[in-house]
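The structure appears right after this line, and notes come after that.
The values are calculated or read from the model by the stated rules, or taken from the named source; none is laboratory data. Given the structure is predicted, the values throughout are model-derived calculations rather than measurements. As a convention, Cβ positions derive from the backbone with ideal geometry for all residues, glycine included, and neighbour counts pool all protein chains shown.
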Amino acid sequence: MARPQPRITRDANIEFIDEKSGPRFIWHGTRFKEIVLPRGTRVIHPSPPIEPLGNPKAAIRYALQHPEEMDPLFAQLRPGMKLSIAVDDISLPLPPMVLPDIREVILTEILELCGQYGVDDIHIIIATALHRRMTAAEAKRMVGSKIFNQYWPDRFYNHDAEDPDGIVELGVTDHGERVRINRRCVESDLLIYVNINLVPMDGGHKSVTIGLTDYPSLKSHHNPHVMHKCHSYMDPRPERSMLAKVTDRMGKIVDAHMKVFHIETALNSNMYAGPLAFLGKPEFQWSEFDKLKFQTTRAALDRLPEAGRRAIFEQVPSPFGLTGVFAGKTEPVHKKTLERVYAQYAVPVKGQADVLICGIPFISPYNVNSILNPILVQVMALGYLFNMYRGVPLLKKGGVLIISHPCAEDFNRDHHPSYVEFYQRILDHGTNSYDLEKFEAEFAQNPDYIQMYRKGNAYHGVHPFYMWYWGDAGRAHVGQTIIVGAENERAPKRMGWRTARDFESAIDKAKDFLGKSSPDITYLHIPPILVTDVEP
């Protein structure tokens with residue numbers, strides 16, 4: 001039986017603005033703005049969604065029965081064995097997907113097999129690392145009522161990186177990186193990891209070595225020294241990414257001590273559904289009705305308060321489609337997953353830009369059902385959007401990044417309590433991560449932050465440092481960052497950014513900074529996301 005494969009359909013991704021081109025829309029947090037781009041501006045659009053697999057359940061069953069370099073899953077199951085299943089947390093996919101979540105579909109297949117082969121010692125662990133605990137309602141939505149009611153909270157629960165008895169150290173790499181993993185997973189006869197790949201950075205050895213570990217292990221790679229040696233987070237080849245190199249070293253120790261059966265999925269870019277479906281198309285493909293819907297939607301959003309706009313978007317799930325599912329040994333599985341991910345998201349581009357324009361939407365991996373605070377705006381701009389390339393950066397070294405977001409000084413104190421102190425106190429010492437790193441241990445060991453992480457729904461105390469480090473590669477490359485439409489000057493100043501009231505004045509400031517009257521300008525029109533393959 002041949003593995004089911006999707007059909008790939010693509011339209012043109014590159015558009016150049018001429019005198020007849022109308023305005024384009026740009027995300028501005030929970031709002032949309034219109035942007036009139038100068039003549040000659042290059043607009044890069046994501047590829048349209050790849051046609052999903054026609055029968056996801058059949059594809060999942062095939063993957064479980066025909067894994068990469070491992071026995072079929074049913075052949076690894078036996079009565080009396082201890083089985084742990086780890087699943088990615090709420091940070092993927094973005095936004096949350098239309099039900100059933102692909103994790104529910106995969107878990108259902110696994111648990112049915114377990115029932116057939118007499119496996120009943122089963123734990124399902126949400127691989128949160130130092131992310132916040134998922135709430136019961138969020139966990140139920142992810143796995144469905146049947147699995148939730150059967151397993152939560154005793155056998156379906158969040159990983160706890162601060163449980164003093166819950167972590168086992170497997171070893172240390174030849175570079176001194178400590179490999180510390182969830183005890184239940186280490187002591188299991190088999191660990192199954194159910195993964196979602198939305199960007200190339202996800203999956204592979206990163207799943208276990210990051211999702212199921214603790215602070216002493218994470219600090220081996222979540223630090224300025226490693227982040228400055230990443231040419232792109234979206235190019236996970238070890239020779240291009242120190243992050244990938246370190247996690248690969250650590251992952252080899254995991255695979256030497258544990259039996260891990262990876263199940264990786266690739267999703268298409270079908271992010272918008274129903275009344276918002278037009279947002280997934282380039283404006284030049286909009287019908288007159290699409291244009292009317294945009295103006296109506298924009299006007300309605302402008303009349304609502306911030307919390308109201310956020311609530312609307314949080315209630316609109318995305319109809320992502322499954323484009324590939326692979327199971328088995330870590331590296332061969334991830335190699336095939338990456339092929340499917342790049343088939344959807346990679347866009348060939350010729351030439352770098354002097355000026356890169358990006359809109360920052362309302363959501364990131366770290367503020368689902370929450371607020372995009374200034375530290376998270378920073379990581380979206382310099383950590384994610386700047387890094388949406390493979391090989392050569394889309395923006396020239398020393399170029400100008402123009403972003404659009406209100407950048408309000410607003411924090412969710414249940415989810416991001418340590419972010420407030422980081423923003424108010426630590427950034428007084430500047431924006432250089434090497435200067436800020438000396439405060440990291442204080443936050444990591446703060447008993448109040450640890451308690452909020454373990455018993456509440458707070459990100460770990462050290463997490464804002466990681467988000468700042470994540471922007472280091474972009475900070476080192478970008479000559480100047482200008483934010484359009486900020487609510488005040490304080491937040492951008494703390495980020496080390498300039499401000500502009502509109503895009504015309506932002507482009508003028510970019511011209512002055514670069515000393516060029518006609519710089520090459522590119523507008524990266526996302527979301528949906530894309531990864532540029534830049535030919536210099």
Residue in region 184-193 that is surrounded by 21 or more Cβ atoms within 10 Å (Cβ to Cβ), farther than 28 Å from Phe386 by Cα, modelled with pLDDT of 95 or more and touching an Asp or Glu at 6+ places or on another chain (Cβ under 7 Å) present: no
Answer residue from region 337-386, given it is part of a loop (DSSP other than H, G, I, E, B) and in contact with a strand residue (DSSP E or B) (Cβ under 8 Å, 6 or more places away or on another chain) and is farthest from Thr135 (Cα to Cα) among those: Gly351
Test set (1) out of contact with any helix residue (DSSP H, G or I) (no Cβ under 8 Å at 6 or more places or on another chain); (2) in a loop (DSSP other than H, G, I, E, B) - Glu442 fails condition number: (2)
Residue selected from region 432-457 under the condition in contact (Cβ under 8 Å) with a residue 60 or more places away in the chain and of a type in the set (A, V, I, L, M), by the criterion surrounded by the most Cβ atoms within 10 Å (Cβ to Cβ): Ala444
Selection count, region 123-135, where residues are more than 14 Å from Glu104 (Cα to Cα) and in contact with a helix residue (DSSP H, G or I) (Cβ under 8 Å, 6 or more places away or on another chain): 9
Boolean, Leu279 is at pLDDT below 95 and either more than 19 Å from the chain's Cα centre (by Cα) or over 30 Å from Arg61 (Cβ atoms) (or both): yes
From the options Ala63, Ala75, Ala58, residue that is among the small types (Gly, Ala, Ser) and either surrounded by 21 or more Cβ atoms within 10 Å (Cβ to Cβ) or within 25 Å of the chain's Cα centre (by Cα) (or both): Ala63
Strands (runs of 3 or more DSSP E) fully within region 27-94 counting 1 or more residues that are in contact (Cβ under 8 Å) with a residue 24 or more places away in the chain and under 30 Å from Ser505 (Cα atoms): 31-35, 42-44
Residue ID - surrounded by the fewest Cβ atoms within 10 Å (Cβ to Cβ), chosen from residues in region 78-122 that are touching a helix residue (DSSP H, G or I) at 6+ places or on another chain (Cβ under 6 Å) and among the charged types (D, E, K, R): Glu109
Qualifying positions in region 274-300 - in contact with a Gly (Cβ under 9 Å, 6 or more places away or on another chain) and crowded, with 16+ Cβ neighbours inside 10 Å: Glu283
Residue list for region 322-337, restricted to those being surrounded by fewer than 21 Cβ atoms within 10 Å (Cβ to Cβ), touching a residue at least 24 places away in the same chain (Cβ under 8 Å) and within 21 Å of the chain's Cα centre (by Cα): Glu331, Lys336
Identity of the residue in region 149-172, over 26 Å from Gln451 (Cα atoms) and out of contact with any strand residue (DSSP E or B) (no Cβ under 7 Å at 6 or more places or on another chain), that ends up surrounded by the fewest Cβ atoms within 10 Å (Cβ to Cβ): Asn149
Some residue of region 248-255 being farther than 27 Å from Ile60 by Cα and without any contact (Cβ under 8 Å) to a residue 12 or more places away in the chain: no
Test: Thr128 is at pLDDT 95 or above, assigned by TED's automatic domain parsing to the domain that holds Tyr62, polar (S, T, N, Q) and in contact with a His (Cβ under 8 Å, 6 or more places away or on another chain): yes
